[in-house]
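Please read the structure below before turning to the comments.
What follows is calculated from the coordinates using simple rules that are stated; it is not laboratory data. Source: prediction; values computed, not measured. Positions of Cβ are generated from backbone atoms using ideal geometry, with glycine treated the same way; all protein chains shown enter the neighbour counts.
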């Protein structure tokens, strides 16, 4: 492995990105699965994870101590950094990939719940976990086998990926030494705060009372 490739992998596959991505995916998947069979059913989208993970990553880069240690040579001799530096776009992209893969309930959930509710047949926790893992890993395996046709070509990019890429660029492509005006980051937080206040407080609804005839 070349030095450039090793540096690129180190900048993305950090302890910070793995821990933050896994924790956010676990919490989001648990919440989406819990509310999936309820009405109303709120849904935490991957874009929300993308927005929330940015300030958390910046905070971790600020508070986590800069420690590094070397793995024994018989395990590869890799140097692991607890805080490799500022929260970068590669770490953020890895978290977004985890969120897009793991935040939605698995399709096997429908078969497990239907068999238990409608047919009174409980397969047990062990079978349910293995059934979910087998179906999910089968999909990932076919995606890996067909990556030459459905992943690598630029024509196979889904339109929603462009939205995620634009948001990542908004977070991380702010020019250094910005002077005057409002930054894109500040505008994003102001617009998000106003949208939250509008939908959370009145619900965006206006009640009009008509006079009695």
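Rounded, prolate or oblate, given the Cα gyration tensor of segment 1-105, with a/c below 1.5 counting as rounded?
Numbers: a/c = 2.58, a/b = 2.19, b/c = 1.18.
The shape class here is prolate.
Calculate, for residue 155 and residue 101, the FRET efficiency according to 1/(1 + (r/R0)^6) with r their C-beta to C-beta distance and R0 25 Å; round to the nearest 0.05. Present the calculation step by step, with values, prior to reporting the outcome.
Details: r = 22 Å, r/R0 = 0.86.
Result of the calculation: an efficiency of 0.70.
Which one, 105, 84, 153, has the greatest fluctuation when you compute a Gaussian network model over the chain with C-alpha springs under 10 angstrom?
Result for the chain, Cα springs under 10 Å: 153 fluctuates most.
Quick check for you: which residues of segment 183-200 have the amide N under 20 Å from the point 7 Å beyond the Cα of residue 43 toward its beta carbon?
196, 199-200
Taking the Cα-to-Cβ direction at residue 115 and at residue 191 and moving 7 Å from each Cα, how far apart do the two end points lie in nm?
Distance between label points: 4.6 nm.
How much of the pair distance distribution for the chain lies past 29 Å, counting alpha-carbon pairs only, in percent? Each step should come with its number before you reach the end.
Numbers: 10263 of 22578 pairs.
The calculated P(r) of the chain puts 45 percent of pairs beyond 29 Å.
May I ask you to derive the FRET efficiency for residue 201 and residue 89 from their Cβ-Cβ distance with R0 = 35 Å, giving the value to the nearest 0.05? If you can, show how the numbers build up before the last one.
Values: r = 34 Å, r/R0 = 0.97.
It comes to 0.55.
At a Förster radius of 22 Å, what calculated FRET efficiency corresponds to the Cβ-Cβ distance of residue 70 and residue 169, to the nearest 0.05?
0.05
Where a ≥ b ≥ c are the square roots of the eigenvalues of the C-alpha gyration tensor, would you call segment 54-150 rounded, which needs a/c under 1.5, or, failing that, prolate if a/b is larger than b/c, or oblate?
Values: a/c = 2.23, a/b = 2.07, b/c = 1.07.
Prolate, because a/c is 1.5 or more and a/b exceeds b/c.
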